[in-house]
Amino acid sequence: MSEFLWEKSYPNGVKWEIDIEEKPVYALLDESVAKWSGQYAIDFMDKRITYAELDDMVNRAAKGFRALGVKEGVHVGLYLPNTPHYIVCFFGVLKAGGTVVNYSPLDAKRELHHKIEDSNTDFIVTLDLEVLYPNIAEMLRETRLKKVIVGSLKEVLPFPKNLLYPLVRSKEISKIPNDDNHLTYKQLLANDGKMEASPVLNPAEQVAVLQYTGGTTGLPKGAMLTHKNLIAACQQFRTMQEGEDGVLIDGQEKVLAVLPLFHIYALSVIMNFGIAGGYEIILHPKFELDDVMKDLNKKKPSVFPGVPTMYMAIASHPEIKNYDLSSLKFCASGGAPLPLEVQEKFQKVTGCRLLEGWGMTETSPSGTSTPMTEKRVSGAAGVPLPGIEIRILGVDDKSIIMPTGEIGEISIKGPNVMKGYWNNPEATAASFVDGFFLTGDTGYLDEDGYMHIVDRTKDMITSGGFNVYPRIIEEAVFEHPAVAEVTVVGIPDDYRGEAAKAFIKLTPSGEEFTLEELREFLADKLGKHELPAALEFRPELPKTLVGKLSKKELVEEEKLKYEARKKAEASA
C-alpha cells in the first residue's frame, strides 16, 4: 500500500500501484484489432479507415520496411503532418523491429541536419508537398540518409477529393525523382503483409522512439523512450480514467487529433491512448478553428486533448452558440501552462471539463493530471499519475527533499521516464539523482498531493504548446552583421502563453531594423514557431558580475509591463 499524499485525491477505485504490462507498443494495435476490427480507427478528411484496414496497412508497411533492412537498431524518421501515413508508418516501423525518430515539419534545416546525423537516421518518410519534400531532398544530398519514402495526400483522401486534389493543388506538390534513393508509400505497401512482427524481448531496454528535446545549453538531445516507457504512459493515462468517476467507454469514443502526432503529447495522449481504447481518431493536419468547430459539431468527438491557445480560440469564437459541443466528455490541456481565465471561460461556454496535466518529453510525457472528481484546485497541474513518484528537491542542494508546500525543483520517477539521452551519457548522468529525473521546473506539492508549477529553472519558452529554445534563436540572430549582443526571453502572451522577444545591442556601425526584417533574415535559420514575436534595441544589455548576459532583469521587466497593462485594461 502506498503512502503518497496524492493517492487520497484519486478518483474512487483508482490505486497508485500499477503493474505495467511487458509488451511492445504495437501490441496496443493488435489487441484493439482483435476486439474492434470492424469499427473505425481513423477519420481523415471524411475518409474512414477501420481497425482491420489499418492493421492490413500496418502489416504491409512493416513488411516493406523489413525489405529495406529495417530491424532492431535501425532508425526511421517520420517527417509528417497528421495524416494516416503517420499512424501506419509508426506502427509499421515498430513491427519491423526499428526505432521511430520524430521530426517536426517546423524544424529548420540546420536542426533537421543535426537530428539526422545525431540519431543515425537511415530512412525517412515524408509527403510530396512543397513545404516538406525539398527540405528532405537537400538532406538526402548532405547527410547520411539512404532512402526517402514519399507519400501523397491523394492516396489517403476520399473520392472525389483524391481526384481533385492533384489538379487544384498542383503548385503545392513536388516532383519526386524516380531513382534508387526514393520509394513511394504505395511501393512500400505493395506486398501481402504476411510476416511475423519483430519480437521485443526486453521492452524496458529496447528503444521504440527517439524524441528530440532541447534546452538552453546547445543542440537538441534525443530522449530514448522504450517500449515499456510508452506502454507505461498509456496505462497510466487509462488507469486514471478507469475509476468510478471514469466517463470513457472502450470501443465507443472519438478523439479529436489536432495536436501534431510527432509531438510526444499527441503521440501518447491521442494516438496510443486512442488506439488502446479502440477509439476513432479524427485527424486534422493542423489547427484551423473553423474546421475544428465543424468537426466538433458534426462528428461529435468525446475527447479533445489540446493546448491552451486552442481552447481560448474556441471559447472566443463569435458564433460558438451555433455549435453543439455536447458530445465532449472532457478536454485535456497540456504542452503549456493553462491560464485560469482560459479554463473558466472554456468550461463556461462549452459545459465541458477542461483538465490540466503536466509532463515532459523525457517522461513519455506522463506526469500529473487533474482527476475526474468534483474537487477543483485552482492553479494546480493535477496529481501524479499511478506509478509515478514526485519529489521536490532543493534547488541548490539536490540531497534535500523539500517539505509539503515548499518550493523546490520538481523531480520524477516512474516506468514512463526515459532510459536516457541518445549518445549522451554525460547529459543523462547529470539529469538523474537517486533514480529521479530532474525536470528543471520549480514547484511544490500541496497537502492533497496536487502539484503547483511555479517557474522554469531552464530558460525554455513554451509558445502555443511548442518548446522554443532561446539559445537557438540567439545563435541565429547573432549571425546578423549589425548585432553585437542578443538576449532572447519569453514574454507573457495572451494567445500563445509565451512568445519570444529579442533584446539586441547593435555594433557601432549597425543600424536598427524592424521586427519584420529580422524575421525575414531568420526565415531559413529557424522554424516558424521559433521566430521572435517582439524586438527591442538597447544601448547595453544586462550582465552578471562575471560578464555573462543575464535574462533575469529582462524577464522581470516584461512581467511588470504585462501586469500593468492587464491592470489598466481591467480598470478601463
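Bear in mind that the values in this text are calculations on the coordinates, not laboratory data. This one's a predicted model, so the numbers in the text were calculated from it and none came from an experiment. Cβ coordinates were reconstructed from backbone atoms using ideal geometry, including for glycine residues, and neighbour counts include every protein chain displayed.
Counting only chymotrypsin sites (Phe, Trp or Tyr not before Pro) that DSSP places in a loop and that have at most 14 other Cβ atoms within 10 Å, the longest clean stretch of the chain runs over 1-477.
Once the Cβ-Cβ distance of K171 and Y323 is raised to the sixth power relative to R0 = 35 Å, the FRET efficiency obtained is 0.60. Placing +1 on each Lys and Arg Cβ and -1 on each Asp and Glu Cβ, with no other charges, gives the chain a dipole about its Cα centre of roughly 1200 debye. For a paramagnetic label modelled on L340 (point 7 Å from Cα along Cα→Cβ), amide N atoms under 19 Å away belong, within the range 274-312, to 308-309, 312. Derived from the Cα gyration tensor, the three semi-axes of the equivalent ellipsoid of the chain are 35, 31, 25 Å, largest first.
Full extension of the chain segment joining I249 with E138 gains 35.3 nm, where the gain is 0.36 nm per residue of separation less the Cα-Cα distance.
Legend: residue pairs K345/K559; K95/K286; K329/K398; K115/K228; K8/K559, Cα-Cα distance threshold 31 Å; pairs beyond threshold, K329/K398; K8/K559. Rounded, prolate or oblate: which one fits the range 346-504, using the alpha carbon gyration tensor with axes a ≥ b ≥ c (rounded when a/c is under 1.5, else prolate when a/b beats b/c, else oblate)? Oblate is the answer for the range 346-504, as a/c is 1.5 or above yet b/c matches or exceeds a/b.
The residue list P24, Y469, A67 was ranked by how far each Cα lies along the charge dipole of the chain toward its positive end, using unit charges on Cβ atoms, and A67 comes out on top.
When +1 charges are put on Lys and Arg Cβ atoms and -1 charges on Asp and Glu Cβ atoms, the dipole computed for the range 461-571 relative to its Cα centre reaches about 440 debye.
Sparsely packed loop sites in the range 330-401 (the trypsin sites (Lys or Arg not before Pro) outside DSSP H, G, I, E and B with at most 13 other Cβ atoms within 10 Å) comprise K375, R376. Since only G443, F432, Y495 are under comparison, the one whose Cα sits farthest along the positive direction of the charge dipole of the chain, derived from C-beta charges on Lys, Arg, Asp and Glu, is Y495.
Quick check on the chain: helices-only [θ] at 222 nm, where DSSP H runs of length 4 and up contribute -39,500 (n - 2.57) each and the sum goes over total residues. Nearest 500, please.
Theoretical 222 nm ellipticity from helices: -8500 deg cm²/dmol.
Among the GluC sites (Glu not before Pro) in the range 301-380, those located in a DSSP loop and surrounded by at most 15 other Cβ atoms within 10 Å of their own Cβ are E319, E374.
For E479 and E31, a Förster radius of 51 Å and the Cβ-Cβ distance give a FRET efficiency of 0.50, rounded to the nearest 0.05. Compute the relative contact order of the chain as a whole-number percentage, counting only Cα pairs closer than 8 Å that sit 6 or more residues apart in sequence. RCO, the chain: 13 percent. K146 sits among other residues whose Cβ lies under 12 Å from its own Cβ, and their net charge, with Lys and Arg +1 and Asp and Glu -1, is 0. Once the Cα-Cα distance is subtracted from the 0.36 nm per residue extended length, the K543 to E520 segment shows a gain of 5.4 nm. Net charge of the neighbourhood of E7, taken over other residues with C-beta under 12 Å away and scored Lys/Arg +1, Asp/Glu -1, is -2.
To the nearest 20 debye, what charge dipole does the range 380-456 have about its Cα centre, counting +1 at the Cβ of each Lys and Arg and -1 at the Cβ of each Asp and Glu?
Taking the Cα centre of the range 380-456 as origin, the dipole is about 380 debye.
For the range 127-189, trypsin sites (Lys or Arg not before Pro) are listed when DSSP marks them as loop and at most 15 other Cβ atoms sit within 10 Å of their Cβ; the list is R144, K146, R169, K175.
Taking amide hydrogens as placed 1.01 Å from N in the peptide plane, the amide H of N120 sits under 5 Å from that of no residue at least 5 positions away in sequence or on another chain.
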